[in-house]
Amino acid sequence: MLDLPYYLAFFIILIAVELIWHYARYDVVEAVCVEFTSRRGGYEGQKYYPATYEYEIDGQKYSIYTEAIWKPKKGVPCKLFVGKKNRNKVVPYSSVMKLIVIASVCGFVSTLLIIYCCVSGYYAMFR
């Protein structure tokens, strides 16, 4: 029974490391919305706003069409996560930050589980 929190902590740490590793493969760039389609679409309750963004990396300009969760404003800079190897792969900044928060919470919970295991094991040893 005392091993269960160790296993939970291990898997939570594994999830946190995987999330951090996955998003370490992206760069944060300043992008500008150049074209915004006012139509709003979505699947089963999800809403998105299609827009075309332009950004520059190392002197080379890129233009990409993506669907944002938020309503973009033309000409206003925003942040996008762009793949380091594939510069046309884009992830919205807000969704990445949500995953980083989840990874942080996973790390905190796993730390609490490990402390609980150490305290309960120490208590059981001298009982």
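Listed here are the residues, each with its yes/no results for (1) farther than 26 Å from residue 84 by Cβ; (2) part of a loop (DSSP other than H, G, I, E, B); (3) modelled with pLDDT of 75 or more.
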{"site": "5", "(1), (2), (3)": "yes, no, no"}
{"site": "11", "(1), (2), (3)": "yes, no, yes"}
{"site": "14", "(1), (2), (3)": "no, no, yes"}
{"site": "22", "(1), (2), (3)": "no, no, yes"}
{"site": "29", "(1), (2), (3)": "no, no, yes"}
{"site": "46", "(1), (2), (3)": "yes, yes, no"}
{"site": "52", "(1), (2), (3)": "no, no, yes"}
{"site": "56", "(1), (2), (3)": "no, no, yes"}
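Output the qualifying pairs, or none if there are none: Cβ atoms under 6 angstrom, residues six or more apart or on different chains, first residue in region 1-27 and within 13 Å of residue 103 (Cβ to Cβ), second residue modelled with pLDDT under 80 and of a type in the set (Val, Ile, Thr).
23/96
The values are calculated or read from the model by the stated rules, or taken from the named source; none is laboratory data. Everything numeric here is computed off the predicted structure, so don't read it as measured data. Note that we place each Cβ from the backbone using ideal geometry, even for glycine, and neighbour counts take in every protein chain shown.
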